[in-house]
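See structure below.
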Amino acid sequence: MITNFYKSIIAALLLCSFIPNASCQTAPFYKEIHAFKKQDSSNFPGRNQILFIGSSSFTKWTDIQDYFPGYSILNRAFGGSTLPDLIRYRYEILYAYQPKQVFIYCGENDFADDDTVTVTTVVNRFATLFNLIRARYKSVPVVYVSMKPSPSRVHLLPKFKEANERIRQYLANQTKTTFVDVYHDMLLPDGSVMQDIFLDDKLHMNAKGYAIWKKRLEKVLIK
């Protein structure tokens with residue numbers, strides 16, 4: 001049975017397939033996806049890069065290549081995205097390339113955008129995305145970076161923690177996967193969230209925050 005969620009994805013794809021470009025510009029994140037296509041048209045990414053997809057915590061890591069010298073990073077994250085958005089645009093941000101490893105940071109916005117979204121819903125969305133990746137790339141290692149404890153979303157932290165743990169458990173039963181826990185690295189000894197690693201919006205990280213992520217991620221990057 002086709003759910004309303006999948007019907008919406010199919011409808012969006014059909015819309016952009018058969019209706020002129022002007023109509024497609026109303027699709028969510030059209031400008032971001034179009035920008036990726038424009039970049040690719042002038043200089044298409046080579047094979048075996050490390051692909052980063054997800055939401056703004058990756059998008060705003062604009063100097064990510066400087067953090068990991070010696071690795072070839074391809075960042076195709078777009079701010080504000082949810083897991084259904086990654087699924088919707090998988091052909092543009094994922095299937096278009098031939099990565100040797102895929103990093104995912106997504107899930108926060110799923111909860112923040114809709115208070116009715118449950119942990120089970122988000123875990124199922126992630127499983128759908130993962131299975132779509134596996135359908136295309138049978139043996140490419142996949143890394144999920146845990147949802148971070150954003151101070152501006154403190155009311156959602158219990159959901160973040162539970163979803164992180166359930167995604168960790170899910171990946172433990174899959175091959176060639178890694179779960180990277182950055183959540184606990186961003187807490188003080190008393191369990192409160194570090195404040196000085198975030199920008200003024202208390203949602204996005206500054207260089208101190210990304211330095212914490214660097215220590216975790218560099219351990220699992222594939223040469």
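The values are calculated or read from the model by the stated rules, or taken from the named source; none is laboratory data. Treat the numbers as computed from the prediction; the structure is a model and nothing was measured. Cβ: placed from backbone, ideal geometry, glycine included. Neighbour counts: every protein chain shown. Heads up: the accessible areas ignore ligands, DNA and RNA and are worked out on the full protein's heavy atoms, side chains in. Shrake-Rupley method; radii C 1.70, N 1.55, O 1.52, S 1.80 Å.
Applying a 10 Å radius around every beta-carbon, put 106-112, 122-128, 136-142, 66-72 in order of their mean neighbour count, most first.
By packing density, highest mean first, the sequence is 106-112, 122-128, 136-142, 66-72.
Net charge around residue 80, counting only other residues with Cβ within less than 9 Å of its Cβ (Lys, Arg = +1; Asp, Glu = -1)?
For residues surrounding residue 80, the net value is -3.
Restricting to the chain, what percent of DSSP beta bridges are antiparallel, rounded to 5?
Values: 2 of 17 bridges.
Bridges in the chain are about 10 percent antiparallel.
Going by alpha carbons, how many degrees (0 to 90, nearest 10) lie between the helix axis of 207-217 and the longest principal axis of the chain?
80 degrees
On a full-extension model of 0.36 nm per residue, what is the gain between residue 95 and residue 134, subtracting their alpha-carbon distance, rounded to one decimal in nm?
12.9 nm
I need the calculated FRET efficiency for the pair residue 206 and residue 184, taking r as the beta carbon distance and R₀ as 30 Å, to the nearest 0.05.
0.95
Leaving out ligands, DNA and RNA, and with a 1.4 Å probe, what % of the accessible surface on segment 99-201 is carbon or sulfur?
50 percent
Pull out the extension gain between residue 116 and residue 43, defined as 0.36 nm times the separation in residues minus the alpha carbon to alpha carbon distance; nm, one decimal.
Working: separation 73, 0.36 × 73 = 26.28 nm, distance 4.16 nm.
Fully extending the segment from residue 116 to residue 43 adds 22.1 nm.
Net charge around residue 47, counting only other residues with Cβ within less than 14 Å of its Cβ (Lys, Arg = +1; Asp, Glu = -1)?
Neighbourhood net charge equals 0.
For segment 63-118 and segment 184-223, write down the distance between their C-alpha centroids in whole Å.
Segment 63-118 and segment 184-223 have Cα centres separated by 18 Å.
At 222 nm, what value in deg cm²/dmol follows for the chain if DSSP H runs of at least 4 each add -39500 (n - 2.57) and the sum is divided by all its residues, to the nearest 500?
Only helices count here, giving -13000 deg cm²/dmol.
Which peptide among 88-100, 26-38 comes first, and what is the full order, when sorted by highest mean count of other Cβ atoms within 10 Å?
On the way: 88-100: 18.6, 26-38: 14.4.
Descending mean neighbour count gives 88-100, 26-38.
Would you mind classifying segment 25-75 by shape? Square roots of the alpha carbon gyration tensor eigenvalues, ordered a ≥ b ≥ c; an a/c under 1.5 is rounded, otherwise it is prolate if a/b is larger than b/c and oblate if not.
Cα axes put segment 25-75 in the oblate bin.
With a probe of 1.4 Å, find how much accessible area segment 117-223 has per residue, and write the answer as a whole number in Å². Intermediate results must be reported in sequence, preceding the final value.
Details: 5260 Å² over 107 residues.
Normalised by residue count, the accessible surface of segment 117-223 is 49 Å².
Tally Lys and Arg at +1 and Asp and Glu at -1 over the other residues with C-beta under 12 Å from the C-beta of residue 177: what net charge comes out?
That sum, taken over residues with Cβ under 12 Å, equals +3.
At 7 Å along the Cα-to-beta-carbon direction for both residue 155 and residue 124, put a label point, then send me their distance in nm to one decimal.
Each label point is offset 7 Å from its Cα along the Cβ direction, giving 2.5 nm.
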